[in-house]
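The values are calculated or read from the model by the stated rules, or taken from the named source; none is laboratory data. It should be emphasised that the depicted structure is a prediction, and the values quoted were computed from it without experimental measurement. FYI the Cβ positions are ideal-geometry reconstructions off the backbone, even for glycines, and counts take in every protein chain you see.
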Amino acid sequence: MCHTLPIEVSAWVKRFAPLVRAGGSVLDLACGAGRHARWLAARGHAVEAVDRDAGSVAALAGIERIRALAADLEAGPWPFAGRAFDCVVVTNYLHRPLFGPLLDAIAPGGVLLYETFMRGNERYGRPANPEFLLEPGELLERVSGRLAVVAFEQGEVGSPKRAVIQRICAIRAAEPARLPEGAP
């Protein structure tokens, strides 16, 4: 589901982007016009930007450190099977069946930055369909047992527009060091 996105980079993404490994790989899921892909690429990250809108994706072609892909994430296969990223960014988008593959795509030490609308937003306009609105605490539930929560917020905001949102920054634990075979 596509929504009009503000041109400005999300303050949530800006706030937690320093947690992403320097020069690390980023997946910008449902990237739209690519505001986050462009911003993160300009900061030295290799970005995979994916959206079903071929026109939006085409506008990202040729931008250094961005690989743009047009794919229908809701009707087609998960295009990143077997891949892992140092950061996955999702803003203003929700398709619940993607949570499993999306969380699997976060590398050890990788960061999830997710921010979208939640129940209550219907008071302010679109999206109003419950299918596209998180339930209270839903992002916490989705990452529970899989990622460590760095920050979580939910509720009404007045900027960039009046809305009811939920957002999370969470990190996948780095793989523990393995002792050599036969070590005491």
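Side notes on the structure shown:
- Residue check, Thr91 in contact with an Asp or Glu (Cβ under 7 Å, 6 or more places away or on another chain) and closer than 26 Å to Ala173 by Cβ: yes
- Residue in segment 63-79 that is surrounded by the fewest Cβ atoms within 10 Å (Cβ to Cβ), counting only those that are among the small types (Gly, Ala, Ser) and out of contact with any helix residue (DSSP H, G or I) (no Cβ under 9 Å at 6 or more places or on another chain): Ala75
- If only residues of segment 68-100 that are assigned to a loop (DSSP other than H, G, I, E, B) and aromatic (Phe, Trp, Tyr) are counted, the one that is nearest to Lys161 (Cα to Cα) is Tyr93.
- Test: residue in segment 101-118 that is closer than 22 Å to Lys161 by Cα and assigned to a loop (DSSP other than H, G, I, E, B): no
- The set of residues from segment 85-132 being of a type in the set (A, V, I, L, M) and buried (at least 20 other Cβ atoms within 10 Å of the Cβ) comprises Val88, Val89, Val90, Leu94, Leu102, Ala105, Ile106, Val111, Leu112, Leu113, Met118.
- Output for segment 93-122, where each listed residue is closer than 18 Å to Leu40 by Cβ and either hydrophobic (A, V, I, L, M, F, W, C) or at pLDDT below 95 (or both): Leu102, Ala105, Ile106, Ala107, Val111, Leu112, Leu113
- Test result for Glu131, acidic (Asp, Glu) and under 14 Å from the mean Cα position of the chain (by Cα): no
- Residues satisfying the stated conditions in segment 142-159, i.e. among the aliphatic types (A, V, I, L, M), part of a strand (DSSP E or B) and within 26 Å of Ala107 (Cα to Cα): Ala148, Val149, Val150, Ala151
- Within segment 23-56, the set of residues being hydrophobic (A, V, I, L, M, F, W, C), over 11 Å from Phe85 (Cα atoms) and not in a loop (DSSP other than H, G, I, E, B) comprises Leu29, Ala37, Trp39, Leu40, Ala41, Ala42, Ala49, Val50, Ala54.
- Glu8, sole failed condition from (1) in a helix (DSSP H, G or I); (2) touching a Pro at 6+ places or on another chain (Cβ under 7 Å): (1)
To keep it simple, each residue is scored yes or no on (1) touching a residue at least 24 places away in the same chain (Cβ under 8 Å); (2) charged (D, E, K, R); (3) touching a helix residue (DSSP H, G or I) at 6+ places or on another chain (Cβ under 7 Å).
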| residue | (1), (2), (3) |
| --- | --- |
| Ala81 | no, no, no |
| Phe85 | yes, no, no |
| Thr91 | yes, no, yes |
| Leu94 | yes, no, yes |
| Phe99 | yes, no, yes |
| Asp104 | no, yes, no |
| Glu115 | yes, yes, yes |
